[in-house]
Every structure is written in structure tokens, then in C-alpha cells.
Amino acid sequence: MEYAIIFLPLIGAVIGYLGRSLAKYFSEITTSLLVAISACLSLITFWKGIKSDIYGNYLIFEWISSGGFTANWSINIDPLSSVMLVVVTFVSALVHIYSIGYMSHDPHKPRFMSYLSLFTFSMLALVVSDNFLQLFFGWEGVGLCSYLLIGFWYKKDSANNAAIKAFIVNRIGDFGLAIAIFLIFLFFGTINFEEIFQVTNLYAEKKLVFFGFELNLITLICVFLFIGAMGKSAQFLLHTWLPDAMEGPTPVSALIHAATMVTAGVFLVVRCSPIFEYSQAALNLVAIVGMITALFAASVALVQNDIKKIVAYSTCSQLGYMFFAAGVGAYHVAMFHLFTHAFFKALLFLGAGSVIHAFKDEQDIRKMGGVRKKLPFTYIFMLIGTLALTGFPFLSGFYSKDAIIEFAYLKNSSLGNYAASVGILTAFLTSVYSWRLFFKTFHGPYNNEKISINDTHESPFVMLVPLIFLSIGAVFSGYFFKETFIGHHSNDFWQTSVFFLNEIKHDVIPLWFLLTTPLIVLISIPISFYLYIANPKVLKDFKNTNMPLYDFLLNKWYIDELYIKIFVNPTKKIGSFFWKKGDIGVIDKFGPDGISKLVKILSNKTGRLQTGFIYDYAFVMLLGLSILLTYLILK
Amino acid sequence: MNFPILSTLIFLPLLSSLFIFLSKDKTSNNSSIYISLFSSFATFLLSLFLWYSLDITTSEFQFVEENYWINNFIKFKLGIDGISILFIVLTTFITPICIISCINSVKVRVKEFLIAILILETFMIGVFCSLDLVIFYLFFEAGLIPMFLIIGVWGGPKRVYSAFKFFLFTLLGSVLMLVAIIAIYWLTGTTDITQIYEIKIPKEYQNILWLAFLSSFAVKMPMWPVHTWLPDAHVEAPTAGSVILAAILLKMAGYGFLRFSIPMFPIASEFFTPLIYTLSIIAIIYTSLVALMQDDMKKLIAYSSVAHMGYVTLGIFTLTKQGIEGSIYQMISHGLISAALFLCVGVVYDRLHSRMISTYGGLVNYLPKYSFLFLVFALAALGLPGTSGFLGEFLVLAGTFQKSYFVAMLATFGVVLGAAYMLWLTKRVIFGTVNNSEIKSLNDINKSEIIMLVTLAFFVIFFGFYPAPLMDTFSVSVNSLIDDYQIALNSQ
């Protein structure tokens, strides 16, 4: 069964594409069906794990063996991977079904479905890996599928550029991950998770000299692992690819850039919790980067106008939450937030897709509004998604996000308190930008001049069914799984797959603190309504008086521009320089071309010596004779 | 075994080239193509048989043949081990593919072209079988002549300059190697390398001899800064020439390091490791950056070959199990991938007669099958896990990391650049909208092109997931190479 979970999507990807001409809906149905079966099997596996602890490691075959560097293709089912299996296959199955409707007018549907299935396979290979190399395979595999899907509309130049950008920024992260793997192999002599985790404590105090600095080995490994995670999970400084990735079709954004692939970084940190636990410095770094990202992305999301970009920055910000949860040592809470986030964020993206569909590919929220009556189902789903995201009481986001903030607070350290305050502030911002998106899309006047309001239409049934499932997840997943994931007995569930060096404290949290976040969330709803719908003039005045701040946020802190100036352009210049000046100007000039020129000149000169006149030769002979004689006499 | 199977393997292509030479096929070239295809395929099967019957649990040379050529001086000594067999199979595998590619790309003097290719095959197999320095030298340098002709006769408009540059560079290095071989004979009284391994060359001569061998291998590899002949040679060479050049000729130097430099001069190899690291790193970073800015497809791929060969030299001189195995793997894998990429360029060159990137763009609209295969090979070239390109690179880097963090980190960064130039190339050639109206009238790849590219793609992916057939073949030989090296260092 475990084999089926992993390989059904791959089979779907291959058959779905090759058999595309067999029947009209062949690829759509095959791929969706196979992934759906895989999702059901994952649920069974997950359930069996909770109920009767049935986990295991299934070997497929040995991949590579070079000295001690060995890695297997294997399927490792443990609590952590079973959670990921459910998230990945479940969301993927729904996105597959949704895509049948969303992509119905696209001539390249089979290719699209096939890529989606291939992505699912890569992601599954990533999460069930029992060693770093297979993880790396999945890691780059999802990167590839992301590249292919962002650039799916290959005629659009912007899509191609975004695809390349995503791949290369991810590669920079992969660079970190690769270095971490090399470090681990060098010191531990293995790249198998279990073997590494068993002996990590022996290396806790190990120092090594790295570029002249004496550093702690574990910290160094963790930092490089985290660089990998930052790339994949779009954390601050390596986040620039994620908003651009919205060039891809919306179902892709929901699956890859919200629910699954981008959470791989969080998964990596949690998976490596037995290593991270031995390095407080690395954990602090994780927490700080997480906080910066959460706040930064939320601030940018406040002013964006593209519906998908807002949700993308929101994803970025929520990933920041997960990281700072992991950074304060609450790995299980990070996973819980990952779990709930997958539902409501996929819901929001697919809902946004439905809106875009209704507006005939319009993505600017300034050109929407007032369509809540025309799109009643989408309206309700988006409402559920927004409520869940903002952490409205008793919806899924409420349980997971508040738990993060509470755990940070319980940490009782200065960093913990700082993290908790950033968490609360970000929760407020999240709420504001989410309601802004919601109100501007569905409330207020109708603002689109190209399409009349009567032409907007609700999405077809096939697109709404997945939204129903996701809504159920977004509403209930928090409540139902709270005990299992983060309750007092959560250790029984996670077992050894999540490692805590010190027992987690379950202290009592003061009531005022418990109430702060929900209250802020509740208050922000009328505030947002007032600012964006009832009296937008207030905000306009504020914007006009603070233009530099607004521009700064609108241009995403100018990070893209900075990167082009300091990385992209110089690289190209250096490349040309090496080519024109290095290869042609120096090596060739003084190498082959120089030698041939020299030979030519010399042969010209020596050629001139052969005058052909007998007296010239006689003179040279005489000269030679006299020099020789002089030499002999003087000797 | 009494039957001289290695000599048969070496001279089979030569014999069939004689057949083609004598055949009176004036009206059409079909029979020459069939003869050469048949013979090269037979050679391939024979080499597969060799691989199958090779005992991979020992590092001894096998199928050894020994005949005196000149009494008491040069022996015609052949033999193979787990490392050389893979290069032989690579050679015999690539040659039929080259011959198939001639069907579409060579229009004049087909017969002579095939003869050149087959003679070249003989020399290349000879290089990988030789166990005598003089024989090795002869095969190694003789390979220049057919290649020189292939570029000079069937090449592009600037073929004379390129052929001259190619010849000048390679000859310069090989003259020094010849002097070194004579010196070795003078020192040890033999040119049989198995005896030289035993005798051990005195420490004080090792450095200078090592440098002389390097001067030849560095040019063939090619290493920075003697790499500039390669882009020019590739640009002007016909497709089949580029394929052989990239897939096999470049591997002879890497093989030379493993077979000659390290076992014969272990102390010098240790001494010069920093030099090799420096040149390799420059090769990886520098040529990747240069590749990024190319506007000629063949040049871009040629520069990327230099960068990939940088990983090979880096890995060999880490002298770790992972490093050397990674290097050999990288060479085999690069043999497949670069061959495929040059064939891909050949496919569109045959149709539009332009190598410029700007001529193309949006090919996926009209040549979907071609575009798919191109993408597969581009991804393999940038080292995507699941393709053979990944494992070699990754093992080399893991090996390098054990020796120097700094070098390994720079080399790993080269992987990012690799992704940049390959994806940018793909974007400009394959994706986007069609700007050149001629593209609209192009046909997608035909049957012979599909056979070539799909076969290559199959092996690129197969060996990415299941490298064991290759890894197991050379594992024991690599172990003994490293052990001997360690013993030599400890006993100095």
C-alpha cells in the first residue's frame, strides 16, 4: 500500500500524458483518480498510525553506494511523514479535480495534469525519504515541477522569467542544503537520518575551523540546512521568487506555492529537529528569520493589488510563523500550523482562482468589488478561508496560530517574548490585509469596466466540490486534531519523529494573554471594513501623506531591484569580461594567435637573410671565420 | 584467453573502414552507411560482451595481450580493468550514434567522413586499452589526425583557423609528454606501465615528469587556461565531430590522469594537488560565467563542457573514493549528455543552418518532441537529481569537501551558475513566442533523430536512478588505485 501511495501519482503522470489522445478526458480522469486513490490510502496509513502505531521503512532498492556514501530509495512511514502524506495527497487530489474545470479551455491540459502528478510524486519522495540524498532528489524534483508549472504558459515572457528565477533562487538554497549534507557526511560518515540522529549528541560540543573561524559543528550544519529551507520556503532574502511564481496557473499556486512545496523547508527543520535541538544559536536564527519574514511579508501584503500576490505574501508570512514556532522549539506546533494552513491557504487560492475565472483573468482587486450576490458559493468559501487564516475563534487557524504565539510566550526568554509580540502584531496585519482583499473583492461598488457585472458567473460544479472539502478542513481541522498534534499527549503521536531535548512545558497561560490575539482579530474586522469600504478617504489621506512608506511597501522593500543591481547585472558583466578580455583578449592573443604571429614575423625576418647574392654569403663566411679565429687566439 | 579479443575490438572499425574505402559506391552512399553502422554496432556488441565477461571483483588487468613490436623495446601490450571498460563501451556506444547522425547532417564526401569516424574509433579504443606508454602515446596522438580532418574538411566557414588552433594546442602538450615518456624509459628501462608501477619512479624526477604529462592532459581535458581551442573547434566541427570530441576525446585526458599520472607519480600528484584545485575552480566558475554570455549554442555547450570537466579534474585529485568515483561517473554521464546536446544543436542546425540562439525561440510551438528531449538534456546538464548528471557532480563535491571546505563551496556554487546558463539557453531557444517565421515551416524530429536522442535520454535517466551497473564495475579498481596511492605516499 505504501508503494501505491508514492507511485500512483507517477504512473498517473506518465500514462496521463502518453494516453492523452485515447479519449477526451483521459488524462484529467486518470491523473485525478490515481491521486485520489493515493489520498485515500494516505488517510488509511495516517489513521493506522494514530490508532495502532503501524509505521515502517520499506526499501525499494539501493540507489548509490560509494564508500560510506550510501543511500537507498525507500519509503519511510513515521508520524511526521504520514502527516505530510495526508496533506500532500489530499490537497493534490482536490487541486487535480479543480484543475479539470479551471483549465478546461487550455489546449495543453494533459501536460498540465501530468506535471501536477509528477509534482505530487516528487513531493511524496521528499517526505518519505529516510536519507538526505533521496530528500535532495525530492527537493530538486519539486523545484523542477515548480519551474515547469510556473512557466506552463511558455509564450509569456514574464512566466518564463519567473520560472527561471524560482529555479535559480531555489538552487541557491539547495547550495546550502548540499553543503549541509557534505558536512554531515564528512563528520558522521553517513547520510541516513536514523544513523545520524542516534549519534548527534556525541557531536554536540564538536568544534571545527571553518574559514578561519572556530565554530560549533552542529550549529554550522543547522545554518546550512536552514539556508536550504529558506530557499524552498521563501524566507526573507530568498523569498523573491514566490510572488513572481504567481505567473503560473492558479491551481499550481494553491498546490505548490501554498500547501505543499513551500512547506518543505518547515518539514526539513522539523525532520532534523534531533540536530537543531543541539544548537540554540541555530534555533535562534530560525526564529529570527521566521519573525522577520512574517512581519515583512505581512507589511507588503497590505498594499499589493494583485489578488494572487496578496495571498502569496500571506503564504510567505505564514511560513514565517511556522519557522519561528520551530525556532522556539515548538516543532509540533509548526507542523500543526503547516497542516491547518494547507487547508485554508489552498482554499483561499482556489477561491481566488474562482474569482479570477469569474472576472475572465482579471487579477487586480481594484477592478473587482460588489459581486457577492453573483458568486455566492465563492463568497462563502472565501469568507471561510479568510476567517480561518486570520485566526477567527474556533476555526483552524485560531488553534494553530494562537498556539504558536502561546508557545513563544511560554518560552519565557527575551527572544520568546519578542517572538510573541511580533506574532501578535503580524496577526493584526494578517487580519487587515485579508479583510482588505475580501472586502475589495466582494463588497463595495463594482469597479470593472471591461466586463459587465452580469457577465461574471459562478464557477462550474467541478471547481466548487474541492472547495467544499477544503472548507471542511479549514473549519474543523484545528478543532479535531488539536489534541493529537499539540495536546498534552502529543508525544504519543509524534513519538521519536519529532525530538525535544527538554520536556515541553505545559504551563498555564494567563487569561489576558489568551484573549489578546482573538480580540485583536475580532476588532480588526470592523476596522478594515471602515477603512476599505465605509470610509476609504481616511486611508487615502494617510497614503498621500506617507507616500515614501507606501512606495516602499508597494515595491516590496525594493529587494528585487537591489538584487538585480548587485547580483544579476554584475554577473553578466563579469561573464562578458572573462569572455572578451580573458579568453579572447589574453589567452588567445598571447597563446595560439600570438605564437602564430610571432612565427610569421620571425620567418619573415629570417627569410630576408636569404638574399641569394654570393657576396653576402661570402661576407658572412668571412665574418664567421674571423670571429672563430679571434676566439681561438684569445683562448 | 588466447583469442586476442582486444585487438579484434580495436581493429574491427579499421578493417571495416578499409571495406568502405574499397567499395565502389559512387551513386549513393547508402552502402557505406550500412557497412559502417553494421561494423560499429558489432564493435559495440563485442565491447558489451567484454564488459559482461570482465571480472569486476579484481583490479588486475584482464584480457592482457602482449607482443613485442620492437624487440626489447616496445611491447604491443593491451589490457583492461574496471575503469577502462566503461570508456570503451562509451566509445563503441557513441560511434553508431554519430554514424546515424551523418544521415541527416553530412551531405558531401560521406564515404570519406565515415572512414574518418571509424579510424578515429580504432584510435580511441586503443587509447583505453593500451598498457604500454609508447602504444598509448601513438593512439593518443593519432586520434588528432582524423579529428583534424573532420574539422578541417567538413567544418564551418572558419574551419581552418579552428583546426589549426586545435592542432597547435594539442601538439604542444603532447611533445612534452613524448619527452617524458623517453625519460621514463631511460629511468626504468621499460615502457610497460604495469612494470613501471612496480619499479616506482624516483621522487626527484616525479614532479617534472608529472608536469610534462599534465601539459598534454590539460590541453585535451581541457583545463583553464588552455581551453580556448575547444569552443572554436566545436563551433566549426560538423555535428558528429562535436559529439565525438565532447563525448570521448575529452575523456582521454581524465582517463590519462587515472591510469598514468596518479599511479606513476603519486608523490607529485600529492604535491600538485593545490594547482589542480585552483585550475579546476577557475574552470568551473570562470567558464560558467563565460557560458552565460554566449550567443552561439555550440559555444555555450562547449564552455559548459569545460566547466563540467573542471569537476572531473577536481574529483580525481581529491583522491578520495567519492571524488574519483564521482569523476568517472561524471565523465561517462557527460559523454552521454554533451553528445545529446550537440546532437540537439545539430538537429536544428540541419534545418536552419544557424547556431545562433537569437535565430530560435519558441521552438516548442512547432517541434514539441524535440523541445521535450532538449529540456531533458538541459536539465541533466545542470545536474538535476534523477539524471546521471547529478550523481557524478554530487559525489565529486562530497569528496572535495573532505579535503577543502573552501574549494568545495566554490565548486558547489558553480552548480547555481550551471542552472543559470542552461535554463536561460532553454528559455531563449525552446520557450517564448516564435519571432523567426522560418521556424513555422520546420518539421519535428524524424525517425533517426528520435532513435538517437531517445536512446541517450533513456540512459541518462536510467543511470540517474540506478547507477549500480557502472559503480560496481569500477569500484574495486578505484579502491586499489587509492590504496596504492596511499601506500606510495606513506613509504616515501
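None of the figures in this text is laboratory data; all of them are computed from the coordinates on show. What you see is a predicted model, and the numbers here were worked out from it, not measured in a lab. Ideal geometry is used to build each Cβ from the backbone, glycine not excepted, and the neighbour counts take in all protein chains shown.
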Query raised in the report: At 222 nm, what helix-only mean residue ellipticity would chain A give, in deg cm²/dmol to the nearest 500, using -39500 (n - 2.57) for each DSSP H run of four or more?
Result: -22500 deg cm²/dmol
Query raised in the report: Hey, which aspartates and glutamates would be in cross-link range of A:Lys589, C-alpha to C-alpha under 15 Å, not counting anything within fewer than 8 residues on its own chain?
Result: B:Asp232
Query raised in the report: Rounded to a whole number, what is D in µm²/s for the range A:1-118 from Stokes-Einstein with the Kirkwood radius over alpha-carbon pairs (10 °C, 1.306 mPa s)?
Result: 104
Report summary line: the range B:39-182, Kirkwood Rh and Cα Rg, ratio Rg/Rh at 1.01
Query raised in the report: Dividing the convex hull volume of the alpha carbon atoms of the range B:1-110 by its residue count, what do you get in Å³ per residue?
Result: 129
Report summary line: With Cα coordinates, the longest principal axis of chain B makes an angle with the long axis of helix B:468-490, in degrees rounded to 10, of 40
**Report entry** Descending semi-axes in whole angstrom, ellipsoid equivalent of the range B:377-445, from the Cα gyration tensor
**Finding:** 35, 13, 6
Query raised in the report: Taking only the alpha-carbon atoms of the range B:86-171, what semi-axes of the equivalent ellipsoid follow from 5 times the gyration tensor eigenvalues under a square root, in whole Å, largest first?
Result: 23, 18, 9
Query - Whole-percent pair-distance distribution, where bins are 10 Å wide, for the alpha carbons of the range A:360-405 - result: 24, 38, 25, 12
Requested in this report: Mind grabbing the base-10 log of I(q)/I(0) for the range A:474-604 at q = 0.16, 0.19 Å⁻¹? Debye formula, identical points on the C-alpha positions, no solvent, two decimal places.
Outcome: -1.03, -1.12
Report summary line: trypsin sites (Lys or Arg not before Pro) in the range A:391-472 lying in a DSSP loop, each with at most 10 other Cβ atoms within 10 Å of its Cβ, come to A:Lys450
Query raised in the report: Once the dipole of the protein assembly as shown is set up with Lys and Arg at +1 and Asp and Glu at -1 on Cβ about the Cα centre, which of A:Asn502, A:Ile29, B:Ala268 lies farthest towards its positive end?
Result: A:Ile29
Query raised in the report: Against the longest principal axis of chain A, how steep is helix A:461-486, in degrees 0 to 90 to the nearest 10, with axes from Cα atoms?
Result: 90
Query raised in the report: Just the projected area, averaged over all directions, of the convex hull on the alpha carbon atoms of the protein assembly as shown: how many nm²?
Result: 54.8
Query - Cα-only radius of gyration and Dmax that characterise the range A:249-392, units Å - result: 16.4, 55
**Report entry** Rg(Cα) / (2.2 N^0.38 Å) computed for the range B:168-211, rounded to two decimals
**Finding:** 1.21
Report task. Just name one of A:Asn569, A:Ile75, A:Ile380: the one whose Cα is farthest towards the positive end of the charge dipole of the protein assembly as shown (beta-carbon charges, Lys/Arg +1, Asp/Glu -1). Result -> A:Asn569
Query - DSSP loop trypsin sites (Lys or Arg not before Pro) with at most 15 other Cβ within 10 Å excluded, longest remaining stretch of chain B - result: B:159-492
Report task. Could you tell me the largest-minus-smallest coordinate of the C-alpha atoms of chain A on each of the three principal axes, in descending order and whole angstroms? Result -> 117, 65, 61
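How would A:Asp244, A:Asp157 line up from fewest to most surrounding beta-carbon atoms within 10 angstrom?
Details: A:Asp244 21, A:Asp157 13.
Taking fewest neighbouring Cβ atoms as first place, the list is A:Asp157, A:Asp244.
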Requested in this report: Please quote Rg/Rh for the range A:45-171 to two decimal places, taking the Kirkwood radius as Rh and restricting both calculations to Cα atoms.
Outcome: 1.05
Query - Low-density loop cleavage sites - trypsin sites (Lys or Arg not before Pro) in the range A:320-369, where at most 12 other Cβ are within 10 Å (DSSP) - result: A:Lys360
Query - Compactness relative to 2.2 N^0.38 Å, alpha carbon Rg of the range B:404-492 - result: 1.82
Requested in this report: Express in whole angstrom the spacing between the alpha-carbon centres of the range B:47-89 and the range A:87-158.
Outcome: 48
Query raised in the report: Taking A:Lys440 as the anchor, which aspartates and glutamates have their alpha carbon closer than 17 Å to its alpha carbon, excluding any fewer than eight residues away along the same chain?
Result: A:Asp306, A:Asp361, A:Glu362, A:Asp364, A:Glu449
Query raised in the report: Taking a threshold of 28 Å on the Cα-Cα distance, which of the pairs A:Lys597/B:Lys220; A:Lys309/A:Lys450; A:Lys24/A:Lys232 fall above it?
Result: A:Lys24/A:Lys232
Report summary line: Convex hull around the C-alpha positions of chain B: the volume in Å³ per residue is 129
Query raised in the report: Per q in 0.11, 0.14, 0.22 1/Å, what log10 I(q)/I(0) does a Debye calculation on the alpha-carbon atoms of the range A:461-546 return?
Result: -0.68, -0.88, -1.10
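Beyond 13 Å, what share of the Cα-Cα pairs of the range B:128-173 is found? Please give it as a whole percent.
58
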Report summary line: Final fewest-first order of A:Asp593, B:Asp192 on the 10 Å Cβ neighbour count is A:Asp593, B:Asp192
Report task. Please work out, to two decimal places, the log10 of the ratio I(q)/I(0) at q = 0.14 Å⁻¹ from a Debye calculation in which every Cα of the range B:305-412 carries one identical scatterer. Result -> -0.60
Report task. Please report Rg over Rh for the range A:574-635, where both radii come from the alpha carbon positions and Rh follows the Kirkwood definition. Result -> 1.41
**Report entry** Residue-averaged [θ]222 nm for chain B, counting only DSSP H segments that reach four residues, each worth -39500 (n - 2.57)
**Finding:** -24500 deg cm²/dmol
Requested in this report: Compute the separation of the alpha-carbon centres of the range A:259-294 and the range A:64-83 and state it in Å as a whole number.
Outcome: 21
Report task. Find the eigenvalues of the gyration tensor of the Cα atoms of the range A:1-63, then list the square roots of 5 times those eigenvalues as equivalent ellipsoid semi-axes, largest first, in whole angstrom. Result -> 28, 15, 4
Report task. Distance between Cα centroids, the range B:362-435 to the range A:438-508: provide it in whole Å. Result -> 37
Report summary line: The value for the range A:56-127 (convex hull of the alpha-carbon atoms, volume per residue, Å³) is 96
Report summary line: Relative to chain B, whose Cα atoms define the longest principal axis, helix B:5-22 and its Cα axis are tilted in degrees, nearest 10, by 40
Requested in this report: Taking H placed 1.01 Å from N in the peptide plane, check which residues at least 5 places from A:Thr70 or on another chain put their amide H under 5 Å from its amide H.
Outcome: A:Ile191
Report task. Please go through the range A:446-510 and write out the GluC sites (Glu not before Pro) that DSSP classes as loop and that have at most 11 other C-beta atoms within 10 Å. Result -> A:Glu449, A:Glu503
